[in-house]
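What follows is a single structure, written as structure tokens, with notes after it.
Read the figures in this text as sums done on the coordinates, not as results from a lab. No experiment lies behind these values; they were computed from the predicted model shown. Neighbour counts are summed over all protein chains in view; Cβ atoms, including those assigned to glycine, are modelled from backbone coordinates with ideal geometry.
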Amino acid sequence: MELAETELIAAVRELSRTKFAERATRADREGAFSAENLADLQALRLGALPFSIEEGGLGVSAETQVRVVEEVAYGDGSTAVALNMHLFTADALRGIPPFPRRNQVVDDIARNGALICGPVSIPSTEIDI
């Protein structure tokens, strides 16, 4: 693991164990979602985790991506789910052959901090309620 990746994980750990944990308590009590957490994720450019440096991303390993989501989850599970949904969809975009609209979206995510969300569900034999 590169030093920059270790430092990123440490920064996320600090943020998660302080601000995210405090906000999660309030959000749970109020039945709300902490938009401030998303702003903090964007400030660290975490939405760009799946993208290479050439694509405008952070160029981190898959292990770093998993550890970042894990650290976010320690502070606020809802924020971790939102980040994971973004990362899943953003990474799926990387596997689609380039075309103008796809390229715009990838660029907006990697370079401008845009967030995207896709439907992700765990298959089950029962209907999710």
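Filtered by the rule that a residue be closer than 14 Å to CYS117 by Cα and in contact with a Leu (Cβ under 9 Å, 6 or more places away or on another chain), the range 86-106 gives HIS86, LEU87, ALA90, ASP91, VAL105, VAL106. As an exercise: evaluate GLY47 against (1) surrounded by fewer than 18 Cβ atoms within 10 Å (Cβ to Cβ); (2) in contact with a His (Cβ under 9 Å, 6 or more places away or on another chain) and give the number of the one condition it does not meet. GLY47 satisfies every listed condition except (1). The listed residues are ARG45, ARG23, ARG13, and the only one of them that is in contact with a Gly (Cβ under 9 Å, 6 or more places away or on another chain), touching a residue at least 60 places away in the same chain (Cβ under 8 Å) and more than 28 Å from GLY95 (Cβ to Cβ) turns out to be ARG13.
Assess whether ALA39 counts as being surrounded by fewer than 16 Cβ atoms within 10 Å (Cβ to Cβ), within 16 Å of ALA80 (Cβ to Cβ), without any contact (Cβ under 8 Å) to a residue 40 or more places away in the chain and under 16 Å from the mean Cα position of the chain (by Cα). Yes; evaluated as a whole, the condition is true for this residue.
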